[in-house]
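No value in this document is a laboratory result; all are computed from the given coordinates. Since we're looking at a predicted model, the values are computed, not measured. Here the Cβ is made from the backbone with ideal geometry for all residues, glycine too, and neighbour counts use every protein chain on show.
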Amino acid sequence: MDADRRAYAVWVSEIMLQQTQVATVIDYYNRWMQKWPTLQALAQASLEEVNELWAGLGYYSRGKRLQEAARKVVSELAGQMPRTAEDLQKLLPGVGRYTAGAIASISYGQATGVVDGNVIRVLCRLRCIGADSSSPAVVNRLWDMANALVDRSRPGDFNQALMELGATVCVPKAPLCGECPVKQHCRARSRVEKELAFASQKLFGKPTPVPDVEDCGVGGCPLCPPAVEPWDSSLGVTNFPRKAAKKQLRAVRTATCVLERRGCRGAPEYLIVQRPSSGLLAGLWEFPSLTLAQDLQEEKQREALADHLHAWTGQPVAARSLRLIGEVIHIFSHIHQTYVVYSLPLDRDVTLDPALSPSRWVTEEEFHASAVSTAMKKVLKAHEKQRGKESSPGKGSKRKRGAKTQGAGSTCPGTQLSLRAFLQAQTAP
Ligand code: SF4
């Protein structure tokens, strides 16, 4: 494989792997590379196609920026990837220091280090770095160490080996120190051994030696554990790295409605609408949704949603006709999102107004193949679960799945009512 194709492959895999497990990524990666095997192919893709393939991976802006960067390489850089970590980071949107280092070392052989979560853990333990691992002093020191350690002749292999060490041996909870190839150089391990020696000396009434200055964590060192959080002997080497305090997530409540009609063969179809092209979940499709003020009473949120739905259905929606399904929680990187889920079966069909945001009716299969977020899939699942309960025998079945609703407007081609016709029918004497 030529270096540019390899760089593209490394780039796609690194972007997908950020905060996502390898097992989850493999299928996405294979489908992506099959569809867009080169940068040039990706540059010609539409954002809709990218979002559809990315759906379920989370962090949707990453797929979008990957495609923007591919377009930039083709249109502004004559199809040539930048060859150094510095240029990759400077010229390509969405490529940070880690991704740039990985592409440059693995694909172009640049002797530059990488620092990801695994490397942070290994280096912090090797050097007993116990200050907050996201603090600028620690981050800078870790990058300096990674750049100094990297093997000049095989930087890509070295970087991958270091990350693999963190993923398989120096793991977060129960590291396999006995099998570790760098155990002789590890200060965390030697600290554990010293602590054990002190403990046994104390047991036999011998005086304990003065701790090494490297172990004591005094003197305001920006790399040492804070004095208020002393060494915990029950944690051993996992005293390092010290985790950053968890960020408080912003709580957001959103009312969302599964608007449902019967399709040609009686199967349900759902209305989905497209989100704006910027911001959270940009360009993705969702059920008509409305952000709610915090602490809004159920009655009020139902009324607000009914007003919002008026625009989509082209007719007033009675708040009482909305059926409350329940709540679905989804955690985004910085948001604790609660969806208050309602459903509304339409017993007359409407054609959507093209003047509104893009919207379309989809079958369940089409819904899952569309660029919809995992959160929306959870919403549909909650709705289906509720419907399953209602239609199960002996529980007062209201409607059978797949059966055509009596009096439902047909949605077969050629017989669908336009919005204008629908409104006229509503107001006709
Ligand atoms: Fe990690 Fe243990 Fe190896 Fe040190 S000896 S690097 S703590 S696995």
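Protection proxy ranking for 57-64, 240-247, 287-294, using the average of other Cβ atoms within 10 Å per residue and placing the highest first: 57-64, 287-294, 240-247. Computed over the stretch 105-213, the P(r) tail beyond 18 angstrom holds 56 percent of alpha carbon pairs. Basic side chains Lys and Arg get +1 at the Cβ, acidic Asp and Glu get -1 at the Cβ, and with that the dipole of the chain about its Cα centre reaches some 900 debye. Convex hull volume per residue, computed on the Cα atoms of the stretch 1-130, equals 117 Å³.
Using the Kirkwood radius over Cα pairs, work out the Stokes-Einstein diffusion coefficient for the chain at 4 °C and 1.567 mPa s, in µm²/s as a whole number.
So the translational diffusion coefficient is about 50 µm²/s.
Each peptide in 259-268, 190-199 was scored by the mean count of other Cβ atoms within 10 Å over its residues; highest first, the order is 259-268, 190-199.
To the nearest 500 deg cm²/dmol, what mean residue ellipticity at 222 nm is calculated for the chain from DSSP H runs of n ≥ 4 alone, each contributing -39,500 (n - 2.57), summed and divided by the residues?
Calculated from helices alone, the mean residue ellipticity at 222 nm is -13500 deg cm²/dmol.
For the chain, the longest principal axis of the Cα atoms and the long axis of helix 136-149 meet at an angle of about 70 degrees. Treating the angle as unsigned and between 0 and 90°, give the value, to the nearest 10°, between the Cα long axis of helix 60-76 and the longest Cα principal axis of the chain. Once rounded, one gets 80 degrees.
Treating the beta-carbon of each Lys and Arg as +1 and of each Asp and Glu as -1, no other charges, what is the dipole magnitude of the stretch 1-126 about its Cα centre, to the nearest 20 debye? Please report the intermediate quantities before stating the final value.
On the way: 14 positive and 12 negative charges, 56 e Å.
So the magnitude is around 260 debye.
The distance between label points at ALA78 and SER359 comes to 5.0 nm (points 7 Å beyond Cα on the Cα→Cβ vector). For the stretch 251-331, the Kirkwood estimate of hydrodynamic radius, built from reciprocal distances between every pair of different alpha carbons, is 14.0 Å.
Straightening the chain between ALA167 and LEU249 buys 26.8 nm, computed as 0.36 nm per residue apart minus the Cα-Cα spacing. Per-residue extension of 0.36 nm, minus the Cα-Cα distance of GLN160 and PHE332, leaves a gain of 59.0 nm for this segment.
When you count the other C-beta atoms within 10 angstrom of each residue and take the mean per peptide, 374-382, 316-324, 6-14 line up highest first as 6-14, 374-382, 316-324. Once the Cα atoms are used to define both axes, helix 22-35 deviates from the longest principal axis of the chain by about 60 degrees.
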